[in-house]
Each structure stands twice: as C-alpha cells, then as structure tokens.
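What follows is calculated from the coordinates using simple rules that are stated; it is not laboratory data. Since the model is a prediction, treat every value here as computed from it, not as a measurement. Cβ coordinates were reconstructed from backbone atoms using ideal geometry, including for glycine residues, and neighbour counts include every protein chain displayed.
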Amino acid sequence: MLRRIDRRAFLQGIGGATLALPVLEAMGDDVLVDIPRRFCALYTANGMSLPRPEHEIDEWSWFPRGEVDGQFTFGKSTEPLTDFRNAVSFLGGLHHPNGVKSDPHVCSDMWLTGAPLHNPLPGTYNSVGVDQVIAAHTKARCRQASLVLSIDAGTGFLSRTGTISYGLDGRPIPAENNPRHVFNRLFRVDGNTTNADKASLARNMKLVDAVLENARDLQRQLGNSDRDRMDQYLTSLSDVEAQLDTAERWSEVPLKSQDYSHLNLEATNEGDPAEYYRNMFDLIALAFDADITRSVTFMLNREDGMGISDTFPLKLGLTRTHHNLSHAGDKDGQLEFAKYDRFLCEQLAHFLRRLTEYRDRNGAVLDNTIVLFGSGASTTHNPRNLPTMLAGGTNLGLTHGQYWRGDDARLSNMYLSVLHALGIEQASFSDSTSTLSCPIFAS
Amino acid sequence: MQLALFSAFARFVTRHRFSWQRVLWSVAILARMHANCVAEDEPLPTTDSTFQDIVSPFLNRYCVACHNTDEPTSGVRLDHLTGEFADEQLRFWEGTQRQLSKRSMPPKDEPQPTSAERQRVIAYIEAQLAVARRRPAPKNGQIRRLTVAQYRNTLRELLLLDEDFTETFPADAVSRDGFVNTVETLSLSPRHLETFLHTAVRAIDAAVVDTNTPPTIECFQVDFGRTINTTPCPDKLILGANSHLLDNRDFVVDQPKLEKPFLFQPFQLRTHYRFIEGYRGNDTVRGWREFDSIYHAVYACMRGSEGYPKGLAYQTVPQGLLLRPAIPSAELFQIESTYGPKANFKISVRELPDEGEFRVTVTAAKYDDGLLLDDAILSRTAEVRNSDPVIVSGRDIGSSATVKLPTAGIYRIDLIRSQTIADPPPELDVQLFLAKREFSSRSRSTEFLVVRLAEGDLTYRVEVNERDSLERVDFVLLDDAALLAQEFARFERRAPLLGVHLGLRRDCGSTLTPVGSPQRVDNLEWAEFVFQGAIRDYPSPDVEADNVNYLAGLREIGVRSEYTDGRDMPRLAIRSVRFEGPFFPTWPPPSHQQIFGDSTDEAEQNADELQRAAAILERFASRAFRRPTTASELTMLKRIYVDARNEGATFSDAIKNGLVFTLTSPQFLFLIENSATPAAEPLDDYELAAKLAYFLWNGPPDSELTACATAGTLRASLDEQLERMIADDRFSRCMQTFTRQWLNLEKFAVLEPDRDRFPQLTRDARHELENEPGEFLQYLIRENLPVSSLLDSSFVVANEVVADYYGLGDLSESGFQFKPLTHQREDLGGVLTQAAILAGLSDGREPNPVKRGAWFARKIIAEPPDDPPPNVPALSEDLRDLPLRVRLERHRNQTGCAQCHAKIDPWGIAFEQYSAAGRWRTDTVDAHTRLPDQTEVNGMLEFKQHLIKDRLDQVTFSFLKHLTTYASGRKLHFSELESLRDQQLNLRDRGYPMRDLLRSVILSPPFMEK
C-alpha cells in the first residue's frame, strides 16, 4: 500500500524547521482575525543620482541636500513623495560589508541577502533574502508565501540577476513580470473555490504523494548519478505539497471581493513604462489588501544594461540608456539620471497612495506594511552609502519624516530591525551584528 | 549515531567527487562538532611537499598580502590555492604563472623574489597544470532538467497538441557560456514543480476528451466580391478610429454546414445583442440599442489603409477582395502600433471557442496583375526605345470599348494626356478595366501600367477624375528583351505570401499574432490554404459576461499579403475565409486516440479493465520516459489507477491521474543518465537516443530513433541516423537555439536602435536578421562546408528582408525563405559581419569596439577576457569629448585596466568599419589595429584573412568547445577541452568540414559517456 506521508511533518521539514506551527492548528479563527504585517522590497538597479557638486544641481540629489528648520526637504527627484512626508524616511550610509569586496554587478544579487558572493560557502551561491525569511514566517497565514516580481521574468543569471529573491536554500526564485499572468495566478486560480476545485486539489495532493514516492524509488535505483539534482527535486516537490496543504485550508476561505476595474492587464514591459509599473504596483496593492501574500519583491530594473528596462529612459524621452546614464559624469547626464529617478518616485508615490486607500481594521494598509525602496550602488559602482528609503509601517513602530545618516552601518542590521518590527524575533540576519540603532525604528 | 554520521559523510564524499580539500574541510567541521565520534587516527592524505615547502611560502611572502579573501585586488585571490590544483582553481594558477613569467607581478615597488625562486615556482606550476589538465573528470551520470523549450517541444510531440503550455514557465537561467541547457544552471524551485504539476493537469485535460459527449464546433465563413450580398445589413457600422469597413454589399457571412466523419453539435453564433456604448465609435454613449443580425457578430474590417504608396491598398472586385502587401507602418517601428500595417484587413468576430485547436481556411489566388509604373521603375528600365513600336490606341474614355490586339504579349498602357494640358501633366486618379481585370492608382506619368494581354479583342474602360484631361489610351507592345518587359516578367513570376493572424481588437493598436507561417500563393486559380493553431496561444479579450460596449470583446482574424521589402508584388485575391474550431480531424481526436489506443484492437478491447489500463499507462509512460517502463513504475501506475477507481473515478479519469503522474515524474522532466561507477561508462541506447534528439532537435526522440534503441541497432546505424536527423526540419531548432546562445543574439533582440539614424532597422527586419546567423550555420553544416566559411564566405544566407537590409534585394526572390546568395561584396560573408551580431554589440547609436572585442575573444577564439574587477575607476572628465577610440586607449593605459583591455580592444577595432546597425559605414574610419600577438591588420577584410590563415585551428576549437558544451549540456572539464584540441586535428587536412565537426562532437567522450 501507498505509504501516506504526513504533510505536517513535511511542513516542519522545510526551511529550517523554525516555523511556528501552532498557527496551523489554530487556522480558521486566529488567521482570520490577525492583522497582517507585511513587507515589500522595491529595487532599482544602477544606483540613484547623486550629482557631483561642481555641476551645481544639488536640488536633483536623490538623498536630500536641503534642510529647513532641521527637517530635510525633498529634492526634485523625490518631490513626488512630498505628500508622504510623514510616511517615508531616507537612510544614508548603509552598506553590505561583503558588497565592498565583490564584483560591483552582483550588488542586486546580494541586496536582500548580504551574502559573501566574493567567497561563497562551498556548494552555495547566495543565501536567503530577508523577504523569504519573512515569507517563511507569514506563509501559513496567507494564500501565497510570497510574490516575486521583476521587470524581466525568470532568474537572469549569476551576477546579472533578474530576481532579487533568494529562497531558504539560497537559490534564486524566478520572478514574474506579466500583469495578466500575475492577476490570473493570484486572483483567479485561488478565488471562489468550488467543489470541483476542491476535488482537483485533493487529487493533486494524492498525485504529489505518489510522485514523491516514485522519485524516492528512482533515487534509490540511480546508483552514482547526480544526487544533488534529485535532492532539489524532492525538496521542491515537498514544498509544493506544503503549498497544496495551505491551499486546501485556504479553499474554505473566499477571496476578498475587490474592485479590479482600474487594472489594465494588457500592459506589458514592452509598452509604456509608466503604465506597466502602475499596473504592477496596483497588483501588489490588491494582493496586500486581499491578504493574498505578505511578502513581495519587485525588481524595477536590472544592472548593467541587462533586459528591457535599460531602454526605458529612451522611451521617456531622455537621451541615454539607464546603464549609460548611471555612468554619466557630465552635468546633462547626471541631470537626466535624476529625472529618471523622479519618474521612479512618481511610480512609488502612486503605490503608496494605493496602500493608503486600502484599509486594514486598524488603519491604512500602508501603516501595517514596511516598504523598502533602494539600490545596491550609490554613485557608479560604489557599494557604500546605498540609497535606501523606508516607507509605511507606522503601526509596526516606525517613525518617519527623517533623514538618518549612519556611519558605514550594515544593511543587514537594518534588515534585522525590519524583521523585529514584523514580529520575527530572530537573533541575527546574514552578517548583522545587532539591530540598527536608528530613531526610525522603535528601540 | 556513528553510523548515521558515517553514511552522511560517505554521501558527502560521493557528492563532491573526490575533492579532498572538501573532504578535509568536512572532516574538520565534523571533528569539531563531534570530536568524540570521529576517529582521531583518520588517515589524512599528504599534500604535495613542494607546494608545502616552497610554493606556499612564496605565495604568502609575495602575493597574498594583496590577493586575499578580504582584499581580492583586481578580483584575484590566491590565499586559497592548494597543491591539489582543483579545477576551479586552475585559472588562478594560470594567471599566477602568466604574471610571474612576464615579471609583471609582484609590482615593481614591492619586494621581489630572486630569479631562481621565481623560476622554481613557475616550473612547478607548469608541471602541475599539465597534470591537472589531463586529469579525467569523474563521470557519475548526468541528471538534467528539460529546458522550457525542450519541455514545450516534448509535450507537443508526446500529446500531438499544438498548444504551447509553457507561457507561464519561469525562464531558464543562462550559463557563463551563454547556454540555457547547462546542467549547472538549470535550477529547480518549488515554483517549477508547481508549474509542472499544473501544466500536466491542463495538458492532459486538453488531450483527453469525453467520448460520450459529441463536440460542439463553431464554423462560419465570409465570402467576398463586389455586390455579392443581395440582402446586406442596413446598419452602418463604425469600428473605431481610422477603420474602414468593407461595403456591406461586398461580403456575405454564413454558417455553412460542416461535413465531418463523426457526430457533432454545430455552434450557433449569437446574433442578438443589446449595447449602450461603442456603436458609434469609442467615446459616445447613446442609450440602449438592440442589434439582431449575424452582421453584428462578424464583420469584414479594414484599418489604416489610406495613403498606400502605389495603387490602392485593397479593392473589392467581382471575384473577391484584392490585397496589396501589408506595409508595417511607421508606428510598427519598435513601439506598439496604432493601426497596424497598411492594408490591415481583418475579420472581427464576437465569439470564438475558449480552447482547442482551430483552422482558418482561406480560398485565395494570385491576381493576374499588372505592374503599376512609377519613376523608380521607369528610370531603371530607361533605354533607347524601339523606333517603330506596335501601338494600338483606344480613344474612348469613361465608357466600355474594344481594341484589337495584333499579338499576345507584354503591353505597356500609356495614358495620353490632351494636348491642351499643361506640362507637366496633372496627376490623375485612374481606374482601368481590362476585360475582367481592374487596376486603380494615382498616375503621374503617361506610362501607367505593364500587363500581359492576349491576342484579339480586348474590352477596356478607363475612368479618370478629370475626363477631359485624357485623350486616348495607348497599348504599346514591348519586346520581350526590353528591360521593362524583363522587369514585368520578374514581377509576374512573384507569388504573394498569404498570412493569417489572430488577435483581439483594442481601441488602438493591433494584437494580431501570426498563425503558422505565410504560404506562397503561386497560382492564378483559386485554391484553399489552411492555417492551424491552438486558440489559447493567441491573446484573448477578457470581457465580462454583462458587457454593454459594442466594441468590447472582439476577436480579429487578420488576413494579409505579407510584406517583405516593398518590391512590386502581384495582388493577393481572397474569395473566402472560413473558421472552424475547435478543429477535430477525427473523434475522438488523435491526441486522445494515441493515448487510449486503437478502439478496433480486439485484444485490448477484450482485456479486462485493469489490463487495459495497464497497457494504456505503460505505453504512455514508456514514450514519456523515453525508455521502457520498469516493473516498479508500472506497479505504481496501476496503483494510482486502482486507487482512483476505488474512490469512484471513471475509467478515463483514473487513467488521467496516471498520465498526470507521468508528466510530473522526474523520469519525464529530467534526462537521466544512470551511472554505476565514477568511471566513464557508455550511454545505454535509450539514453543515447534521447541525448541525440535533445541535441539535434531540441526535442524528444521520434519513433524511428526509439525503435533503433529497442532493436539495439542505434550505434551501428549512427551515421545513417545523424544524416536523417540533420536533414529533418527539427534540426533548425538546434541550429537556431545553439547559434543564438553561442553568439549571444539576445543582445540584438532587446536592442533599442536610434530610429532617426537607422530607419531600416525596423521591428520586422530585426526579426528576420535575428534568424540569419542560425540559418547560415545550418546551411554550412548541411552542406558540410569548411570552417573557414564561418569567417568568410562568398555568399550570404538570406531571405528577401535580410537581402534587402544588405542592399542585395535584387538577388533574392525567396520570400521569407532563407537561401544562399552570392554577394560579390567585400563587406559581407561569414558570421563576423552579420547585422544581428554587430548591432547587438552596440547601444543602438554608436558601435562599441570593447563589446565587439570581448565578444570576439570569448565566442570566436575562446579566449574569454577576465571579468572587470570591482571599483573600476571612471575616466576623467576632460576626456569626454575625445573620440571613443582615443578614450579607449587612455582607459587601456590606466593601471588595472590595461591588462584586460589589451586582450579585448584590439579585436574590436577590426570591426570599426561597421556601424551600430551592423552596416558598412560610409564615413572614413580607422580600423587599423595591432592584435595582441602583434599582427597588424587594417580593417575587416585583412582581419578575416588573418584569422583564416593563422587562427583557423583556434576558431575551430572555439566552435567545437561551444558545440560540445551545448551538446553535452554541461561545462566541460579541462581534460575534455584538451582532448577536443587533439580530436579536431583529424579533420584539419580537410579544412575542418562543419558537418564532420558536428559528428565528431557526437562521437566524443563528453557526449557518448556518462
């Protein structure tokens, strides 16, 4: 007879076994009343514009250079965020110590992980990113562990990554980039579960059990052949089994009724950049509002002129590609680079506005969501003073309206603070030494 | 506890392939963790004493201070080197040896070793490198996931379904060598498994039908012809801006009764609708209105057809609808188009099936057309005119008349203006009727048209907008040898290319996507052309059930005469377009029958249910696994079936469970080579058949290959099979995939060229140019041409679009088919000068010699430059205005940059004669360069000659290296690269014929052994 596999045992087996499992048992009441704590990381490649002083366009610096009454003033490139003055903060001086030692192009690979990519542990490439640590802790409470988005689908490749999410095993998580696909996956598949859906879910769970057993049989027969590959297969399949298990429980809970009429699912990354970003951000906001997921990453563009986003500045009427602008030292180029920053800030402002419109029981969705916006380089290939902005999360203890400057502080320390704010009481994250001592986070 | 630890340790050792360094490392860790569990007297392997005593102290004294983990200057660290010379360390050893030999390290201002010290270390490294390079890699059997493309092709051939189920698959990662089929980068994540599972369910649902319910099939037909509709729809319709509906009298929509060899339910198009918006265009709300006619369910629609450069974009004639080639509009150039090409003819329809395959059948013919004359044709065919031509004049304007032609032949029709008319004569809008043929155009010159006419009476009629301005029509017989007659003869031989597209209507912009490839319409007689696709592969309008907008939710079937390069082309005549879907040639369809078997097979029908199920599942799993199923697999399949049956599933549903299981199993998703020992073993015949097929076809083995494997004759008939596989159409998948990835054409695919500077680089042109390198390579291999052709050839392999891009349009008459064309030009031939490569290595504005140089070094001569180190200093500001070449020179001369750029830039300079669009530059450029080996060459021609004369072995090696890496799906070991070099020598005397090189890759150990 088929040996039934205890799915709960599997759940425990995945991802470091540190998950708080009692949640599962309490599923139903507890999950439905808990107020979500969420995280969203938005990455822009190639740095932000920090113009050289001799060009005398300080007002176009991404980091604020002006001050009134001891308060920073928004520069022209971040001006679109003026309305959110009390919901955003700038953080200067952050860096990954490992970033300084690595090839500058891997800065997006390590942005959320801080891994020593110049000297990886044997058999590994990257380490888990902060978003996936959060996903592992929140996934039992929502429909999908995480939503991984990027301008280009897939993973890209080593050092020119197309995704900023790395799983518990340090492997890249392929990103999605098509609004329609994302919409269908999030809002169609799991929505309004019918009996037929439940039957097919039950069938899939059985099939996965059988496939797991078959794969183990195969592995035993395989003699010397590549065992890593089969291990990967088995781990991944176990994870799918866990997902089905979660889905089975979620199938009892109807999807929140929402207004989708503002979406344009025809938008693609080949069309108008603003339209594309707007729709991607709208989808994230909808997913947060319906509590489909609590951990989202979105890579807005890629390093070193990879992928389609390199051409966006041209599409917007600027004269050089994104990567070229990031290398510009001349005044015109630096100004254009800053104008592109402004474009991105306009998209961010749209997103924050949406998150303000959607409500949780205790306030705006934004107040229960920590939004991180940043880059892995400041000026060209400079892995220090990383442009970093935090928004939202005021219900989670964040105090905004600040421009905090750390002295070569560790980005991983900030991630640890973020984890703590979300209620994930880890002792450390990556190469963190402590939480960030910074007034943005409640001590 | 001890046992568990030991087996974990043993497994660790096996997994990491005898890397003693790792073993030591793991021992150290285990020892620290469980000091009491591991025996203290575990024998430690002795490391090489020379390394310990001499080399390691040397490195520590002179190198490690600047090259360590924390401070890897120039990206180099040497603190981790051991005497083991592990593969991943070899490039550091090579670098160290190079630097020491050249005496460029340690830097001058640092302590220097003595000459003897230096020599001893160099000698040691050289000796150890030689050993390391010959060291065979352990072979433990590869387990390689199918790439997305391979999965797609496999599913298609396994299930006999056209549909592409892989649209939502995570994209495959790219390896350092540029390939996506490399085992090291073919990752597997939970999302992959989730996708595989859902895809298996979807695909099996599509393949297996419910045989108890007859299918419902939609079929409608639109017929065209001037005033053929005697009961036209009285409503005047507007389908959005710039749309021109065909006159309601000129087409008929009908739902003909289908003849099918099985019972089915005809689908009746809904004709009754109620809308409040959209029926007067996009923006107006006029109140509710009822519609009840099939003409509100299906329309014939033109869009964006005004301003066609020559003649009318389209025209209805009594016989049907005439279409000129659909010119991609300026809007199509890189941004989404607004109104599509001119003429953009499509049939709009409200309802199409949601899934399944469909057929569009077009009844079409080549129109017996005439060549409209313009200044360009007249000037290139100008010659001394025959002094005494045969001219027949007709003096009736605006009414039907007859002329008598003395002989059959090619006639030029001249429209002779009245004497009183000013010079130059005004332009006229002309409609000319010759018997049943019609020609309409705006005419500027007297010479209007060239056309072939029969002997005897010809009825003609000419209509012009200013009747008085025309005096008569002359029919001038042309000598067959006349240039104009020859031009006409070429025109007359051409065949329009019929293309069908499917998409959805949007307020602006077309989503039309081609259905299959364009088909040549060669004959003047009507013939049926069938286009088939899977409906879900095309964009669909998702419209809510209670939609109230007349214009929402419309699908479009586009029918076009496809455009290549603007050459004159006889018009395409369309008489009817028929849609049928879902399309089933039989019921149950082949996808179903193939799985469930022939229902007339008595043995199978008489068997009991479980036996039948077992037979069905075994047959399917054996095909899916590319080998016979094992007993335990079959037991598992049967159990799945029985379990489902016991839970009340129908026979068919229980079988489907087994099918989904099969498509989710590692045996299907992976190419598995089962290896018993770390020593090399030959592939078994099934593994070989699969490896061959996924290499040469990027897809599964077919029944013939599998039969060879079963019979055990595959090795004996290998050459015969190779020949067959290379000649097969599927071989183009290998050539396109390999070439794109080897030569990195992805860069070209995402290029955003400067439209003002390079207007020729249109989206359509780029699409064809991107195929050129693969087509070229395929030709070289099929013809077994020498490898030197890769570098230079007297021909290009081009279709009309590509030929036109290179200014060779006159030589090509092959439509979209790639054919070899002899070019007789200095700037063309070989891959190095192909536009997809050269333009892909620019930013769309300026050519970039650094990118071109690095590409050349990496791809063509396999001397990959090192990665740029961290923190490259920027060029100082005052250099900005200098020419790129000078800036490069300065950059090259900066400390830290020089080392690498000296090995990159000189190659790139040789490409300087080519623009950012990959065309020969008209301005003067300096392409004089001194290559790293000090050879001087001036420009591409000399460069190619140098490569062919002095570097052919190296280019051959690079080709072999890349092809072998692609074929074997993994990174090659050093020793394998070394044996490739030896192996290629066998073909050296014959100039390295390309197909023989490919054969040698297949016969090589990296391919044949596991």
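Among A:Val68, A:Val365, A:Val296, which one moves the most in a GNM of chain A with springs linking Cα atoms closer than 10 Å?
A:Val68
Among A:Glu266, A:Glu56, A:Glu176, what is the fewest-to-most ranking by other Cβ atoms within 10 Å?
A:Glu56, A:Glu266, A:Glu176
Counting pairs of Cα atoms in segment B:951-1010, how many percent are more than 19 Å apart?
That fraction is 18 percent.
For segment A:287-443, what log10 I(q)/I(0) values come out of the Debye formula at q = 0.15 1/Å, with one point per alpha carbon and no solvent?
Here the Debye-derived log intensity ratios amount to -0.95.
Work out how far the C-alpha atoms of segment A:70-112 reach from end to end along every principal axis, then list the three figures in whole Å, largest first.
Principal-axis extents of the Cα atoms in segment A:70-112, largest first: 37, 21, 17 Å.
Taking a cut-off of 49 Å, what percent of all Cα-Cα pairs in the protein assembly as shown are separated by more than that?
42 percent
If you wrap a convex hull around the C-alpha atoms of segment B:667-817 and split its volume per residue, what is the figure in Å³?
Taking the convex hull of the Cα positions in segment B:667-817, it is 173 Å³ per residue.
Output needed: percent of Cα pairs per 5 Å distance bin for segment A:363-443, bins running from 0 to the one holding the longest distance.
All Cα pairs considered, the percentages come to 3, 15, 24, 27, 18, 9, 3, 0.
How are the Cα pair distances of segment B:371-493 distributed, in percent, across 5 Å bins from 0?
Reading upward from the zero bin: 2, 11, 22, 25, 21, 15, 4, 0.
Please order A:Thr113, B:Thr964, A:Thr268 by the number of other Cβ within 10 Å, starting at the fewest.
A:Thr268, B:Thr964, A:Thr113
Counting helices only, and only those DSSP H runs with n ≥ 4, report the 222 nm mean residue ellipticity of chain A as the sum of -39,500 (n - 2.57) divided by its residues, in deg cm²/dmol to the nearest 500.
Working: 13 runs with 151 residues, N = 443.
When only DSSP H runs of four or more count, the value is -10500 deg cm²/dmol.
Could you estimate the translational diffusion coefficient of segment B:432-475 from the Stokes-Einstein equation, with Rh from the Kirkwood formula over C-alpha pairs, at 25 °C and 0.890 mPa s, in whole µm²/s?
208 µm²/s
Grab the alpha carbons of chain B, take their convex hull, and tell me the volume per residue in Å³.
251 Å³
Near B:Ala534, within a Cβ-to-Cβ distance under 13 Å, what is the net charge of the other residues, with Lys and Arg +1 and Asp and Glu -1?
Summing Lys and Arg as +1 and Asp and Glu as -1 gives -3.
Over the Cα atoms of segment A:264-309, what is the Rg over Rh ratio if Rh follows Kirkwood? Spell out each step's value before the answer.
Values: Rg = 12.1 Å, Rh = 11.8 Å.
Here the Rg-to-Rh quotient is 1.03.
Sorting B:Leu524, A:Leu222 on the 10 Å Cβ count, fewest up front, what's the list?
Details: B:Leu524 13, A:Leu222 21.
Lowest count first: B:Leu524, A:Leu222.
State to the nearest 20 debye the size of the charge dipole of the protein assembly as shown about its Cα centre, where the only charges are +1 on K and R beta carbons and -1 on D and E beta carbons.
1360 debye
When the Kirkwood radius is taken over all Cα pairs of segment B:124-250, what Stokes-Einstein diffusion coefficient follows at 20 °C and 1.002 mPa s, in µm²/s?
Using the Kirkwood radius from Cα pairs, D works out to 100 µm²/s.
On alpha carbon coordinates alone, what is the Rg over Rh value for chain A, Rh being the Kirkwood radius?
When Rh is taken as the Kirkwood radius, the ratio is 0.97.
Using helices alone, what [θ] at 222 nm do you get for chain B, with -39,500 (n - 2.57) per DSSP H run of 4 or more residues, divided over all residues and rounded to the nearest 500?
So the calculated ellipticity at 222 nm is -10000 deg cm²/dmol.
Taking every pair of Cα atoms in segment B:48-133, average 1/r, invert it to obtain the Kirkwood radius, and report Rg/Rh to two decimals.
Radius of gyration relative to Kirkwood radius: 0.92.
Return the inverse of the average 1/r over all pairs of distinct C-alpha atoms in segment A:158-288, which is the Kirkwood hydrodynamic radius, in Å to one decimal.
Details: mean 1/r = 0.0562 Å⁻¹.
Hydrodynamic radius (Kirkwood, Cα pairs) of segment A:158-288 is 17.8 Å.
With the cut-off at 17 Å, report for segment A:257-352 the share of all Cα pairs above it, as a whole percent.
On the way: 2535 of 4560 pairs.
Of all Cα-Cα distances in segment A:257-352, 56 percent exceed 17 Å.
In degrees between 0 and 90, to the nearest 10, how far off the longest principal axis of chain A does helix A:195-221 point, with axes built from Cα atoms?
80 degrees
When 1/r is averaged over all different Cα pairs and the result inverted, which Kirkwood radius in Å belongs to segment B:656-709?
12.6 Å
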